[in-house]
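First up is the structure itself, then whatever we jot down about it.
The values are calculated or read from the model by the stated rules, or taken from the named source; none is laboratory data. Keep in mind the model is a prediction, meaning the values are calculated, not measured. A quick note on method: Cβ atoms are made from the backbone with ideal geometry, for glycine too, and the neighbour counts reach across all protein chains shown.
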Amino acid sequence: MSHHIVEVKDLQYHYPDQTPALGGVSFRIHHGESVAIVGANGAGKSTLLLHLNGYLTPTAGEVRIGDFLLTRDTVQDVRRTVGMVFQDPDDQLFMSTVFDDVAFGPLNLGLTPSEVSARVEKALETVGVAHLKKRPPHRLSAGQKRRVAIASVLSMSPDILVMDEPSAGLDPRARSQLISILQTFHHTKIIATHDLDMVVDLCERTIVMHEGVISADGPTMEIFGNDELLAVSCLEKPLRIQGCPVCSRRS
């Protein structure tokens, strides 16, 4: 299934003031992989994600999504394949009701009203907010907005789901529910996050970024077991695999 593959080759990006943000990033993600992108603030995670859907144009290098080299001519085809969930749901929710927000994408695909309605209902049910479909998005809690933002992407039936800090601002219950939702998405997932415990739950592979380049790429538990790598990358082990501080003091 080549249409699920994400391939980045020597991706470089400079901000308009010529400050470098990405310094030659390369990786390949295959169908069905769940991959985390982790790193300290300013490592380049969000900038990288914005290239996967054509929101940013590389200074150099290339992005390939399945059979498409990402260009101005192919960006619309790529966006049908890659569903992007932004860090701030308010960047994605702009219609007067939840239903209209989730219907916006399918309507732009040219689907019939009955097809759009079916997709919206399915997406809202998947994330557990079908009862909110008539609610204005600005009247929702942070967790509800996050779910609706995800539903607005799922309604497009993407083959690849890209998410930037999906658990940011969620309380423990909403976070747990989000993880359960994401576990039901069996296509390719790419998740940039500081929530390393969520990475353990969802991603078998982790890419570590540091100062705009990839410093490591491998199995998640191997990455999190490398104390030197984590220290250099300004990361700490997920809480669940850290030793008990009380027990360590006793020993």
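Quickly run through the range 90-112 and pick out the residues that are part of a helix (DSSP H, G or I) and in contact (Cβ under 8 Å) with a residue 40 or more places away in the chain.
Asp90, Val98, Asp101, Val102, Ala103, Phe104, Gly105, Pro106
Check whether at least one residue in the range 54-77 is within 22 Å of Asp201 (Cβ to Cβ) and within 16 Å of the chain's Cα centre (by Cα), and report yes or no.
The answer is no, given that none of the residues of the range 54-77 is within 22 Å of Asp201 (Cβ to Cβ) and within 16 Å of the chain's Cα centre (by Cα).
Here's the yes/no breakdown for (1) in a loop (DSSP other than H, G, I, E, B); (2) modelled with pLDDT under 95; (3) in contact with a helix residue (DSSP H, G or I) (Cβ under 6 Å, 6 or more places away or on another chain); (4) loosely packed, with under 15 Cβ neighbours inside 10 Å:
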| residue | (1), (2), (3), (4) |
| --- | --- |
| Ala123 | no, yes, yes, no |
| Ile150 | no, yes, no, no |
| Val153 | no, yes, no, no |
| Ala168 | yes, yes, no, no |
| Ala174 | no, yes, yes, no |
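Residues that are of a type in the set (Ser, Thr, Tyr) and either modelled with pLDDT under 90 or outside any helix (DSSP H, G or I) (or both): does the range 114-121 have at least one?
No, that holds for no residue.
If I filter the range 125-146 down to residues being in a helix (DSSP H, G or I) and within 21 Å of Glu165 (Cβ to Cβ), which single residue comes out as nearest to the chain's Cα centre (by Cα)?
Looking at the filtered set, the residue picked out is Arg146.
With the requirement that a residue be touching a Pro at 6+ places or on another chain (Cβ under 9 Å) and polar (S, T, N, Q), what does the range 40-87 give you?
Thr59, Thr81, Gln87
Mind listing just one residue for me: the one in the range 22-45 that is farther than 22 Å from Val153 by Cα and crowded, with 20+ Cβ neighbours inside 10 Å and, of those, nearest to the chain's Cα centre (by Cα)? Let's see the steps before the verdict.
Initial filter on the range 22-45 (farther than 22 Å from Val153 by Cα): 22-28, 38-44.
Still in the list and also crowded, with 20+ Cβ neighbours inside 10 Å: 22, 25, 38-39, 43-44.
On the way: Leu22: 18, Val25: 17, Val38: 11, Gly39: 14, Ala43: 16, Gly44: 14 Å.
Once the filter is applied, the top-ranked residue is Val38.
So that you can scan it fast, the table gives a plain yes or no per residue for (1) under 19 Å from Leu182 (Cβ atoms); (2) of a type in the set (Val, Ile, Thr):
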position: Ser96; (1), (2): no, no
position: Ala103; (1), (2): no, no
position: Leu124; (1), (2): yes, no
position: Val129; (1), (2): yes, yes
position: His138; (1), (2): no, no
position: Gln144; (1), (2): yes, no
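Answer yes or no as to whether Met156 is closer than 26 Å to Asn41 by Cβ and touching a residue at least 12 places away in the same chain (Cβ under 8 Å).
No, not satisfied.
Could you tell me which of the residues Leu69, Leu48, Leu11 is surrounded by 19 or more Cβ atoms within 10 Å (Cβ to Cβ) and within 27 Å of Leu109 (Cβ to Cβ)?
The unique qualifying residue is Leu48.
Out of all the residues in the range 139-148, is one or more within 14 Å of Phe99 (Cβ to Cβ), surrounded by fewer than 16 Cβ atoms within 10 Å (Cβ to Cβ), among the small types (Gly, Ala, Ser) and without any contact (Cβ under 8 Å) to a residue 60 or more places away in the chain?
no
Which of the following residues is in contact with an Asp or Glu (Cβ under 6 Å, 6 or more places away or on another chain) and hydroxyl-bearing (Ser, Thr, Tyr): Ser233, Ser157, Ser152, Ser215?
Working: Ser233 fails: in contact with an Asp or Glu (Cβ under 6 Å, 6 or more places away or on another chain); Ser157 fails: in contact with an Asp or Glu (Cβ under 6 Å, 6 or more places away or on another chain); Ser215 fails: in contact with an Asp or Glu (Cβ under 6 Å, 6 or more places away or on another chain).
Exactly one residue qualifies, and that residue is Ser152.
Which one is nearest to Glu62 (Cα to Cα) among residues in the range 1-39 that are touching a Lys or Arg at 6+ places or on another chain (Cβ under 8 Å) and small (Gly, Ala, Ser)?
Ranking the candidates gives Ser26 first.
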